Amino acid sequence: MSRKRFLLCSDTHLCHVDWYGVPTEERMERLIKHIKDEYEKDPFEALLFLGDYSLDFWKWDIGGCYVANGRSETKEFMEGYVSRLFDLGIPMGFIAGNHEQYGYKKWNEITGYDRKDFIICDDILFILLDAFGADLDPTEHSDGTFTPADTEYISMLMENYPDKKVVLCSHHFDPEKESDTFKQIVSEKRVLCLFGGHVHLSSIVELSEDFGGKALLYTGNYSYSGVKNAPPTASMWGFRDLIIEDDKLISRYITPENEIILDGEKIVHPYGYQDIYETNI
Ligand SMILES: [Fe+2]
């Protein structure tokens, strides 16, 4: 049996907010430890970050620290935390979210990565898109401008690697705003599934038949839950894996064990899996 595993993570938000009674720096330390623990437990072949590492250009309250005083928490996240994952020795992707509107040059200077990217692992082509690639380098506080999936970029890669199966990743897909060309591409048999962040949920959306009924798998958060009218533990800090076992695809949202404070009470959220997706490919 052949088996390959990958890990995807988003919405880590190193910033001024200490969610669930845990100081931001400690939360970041836990994130890095938990990714490393997960690798020890069951190694993965690539690690993909899907955006929102900061609130550098934030529109609300105190505003974004990069716009206000030139401090880049994305840079701090990369240098202080993500760089410690390089010794895993696996390919990594690091695309921008809606809170990192750095232009292409600045993004590369800060992170060492490109705003859009691709990674090939055996017979799988991961295409990493730039969902907020408009109005870059803003001088005013903003929360980003959504741009539909870049079908020219996707088609070019799919033509260059005709034998690869395809996994589409982005900080955000908006099925209402995506183009007909994108829907046709997603419907192709060799496109296995989509991964998106942004909504801070661990759930799975089965897209309409226009998209070939493919699944959009959300990569959760390591900051705050996007689940409305439910405790944060409904979508607790975590990341999502992708396992390809022969002709079977499995994806699980993984929550590492975390001690947090909710309503003044200390609770331990246990290690576990939720929102598991399984399909034949
Ligand atoms: Fe986010």
Out of Val227, Val205, report the one residue that is free of Cβ contacts under 8 Å to residues at least 40 places away in the same chain and within 16 Å of the ligand (Cβ to nearest atom). Val227
So which pairs qualify, if the first residue must be in segment 141-161 and assigned to a helix (DSSP H, G or I), the second must be of a type in the set (Val, Ile, Thr), the Cβ gap must be under 6 Å, and the two must be at least 6 apart or on different chains? Thr151/Thr181; Ile154/Ile127; Ile154/Ile185; Leu157/Ile127
Among the listed residues Thr145, Thr139, identify the single one that is over 14 Å from Thr12 (Cβ atoms), of a type in the set (Val, Ile, Thr), within 16 Å of the ligand (Cβ to nearest atom) and open to solvent by 40 Å² or more (accessible area, probe 1.4 Å). Thr145
Can you report the number of residues in segment 2-50 which are away from the ligand (no atom under 16 Å from the Cβ) and open to solvent by less than 10 Å² (accessible area, probe 1.4 Å)? 10
Of the conditions (1) touching an Asp or Glu at 6+ places or on another chain (Cβ under 8 Å); (2) open to solvent by 60 Å² or more (accessible area, probe 1.4 Å); (3) over 23 Å from Lys33 (Cβ atoms), Gly212 fails just one. Which one is it? (2)
Between a first residue in segment 1-22 that is closer than 18 Å to Thr219 by Cα and a second residue that is charged (D, E, K, R) and within 12 Å of the ligand (Cβ to nearest atom), which pairs have beta carbons less than 9 Å apart while being 6 or more apart in sequence or on different chains? Ser10/Asp52; Asp11/Asp52; Thr12/Asp52; His13/Asp52
By residue number, the members of segment 170-202 that are within 16 Å of the ligand (Cβ to nearest atom) and either in a loop (DSSP other than H, G, I, E, B) or open to solvent by 60 Å² or more (accessible area, probe 1.4 Å) (or both) are His171, His172, Phe173, Asp174, Gly197, His198, Val199, His200, Leu201, Ser202
Taking segment 87-106 only, how many residues are within 16 Å of the ligand (Cβ to nearest atom), over 14 Å from Lys75 (Cα atoms) and among the aliphatic types (A, V, I, L, M)? 0
Are any residues in segment 1-13 assigned to a strand (DSSP E or B) and closer than 28 Å to Tyr102 by Cα, and if so, which ones? Phe6, Leu7, Leu8, Cys9
Residue identified as touching a residue at least 12 places away in the same chain (Cβ under 8 Å) and surrounded by fewer than 20 Cβ atoms within 10 Å (Cβ to Cβ) among Tyr53, Tyr81: Tyr81
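The values are calculated or read from the model by the stated rules, or taken from the named source; none is laboratory data. Remember, predicted model here, so these are calculated numbers, not experimental data. Heads up, the Cβs are rebuilt from the backbone with ideal geometry, glycines too, and the neighbour counts pull from every protein chain shown. Just so you know, the surface numbers come from the protein's heavy atoms only, side chains and all, with ligands and any DNA or RNA stripped out. Shrake-Rupley method; radii C 1.70, N 1.55, O 1.52, S 1.80 Å.
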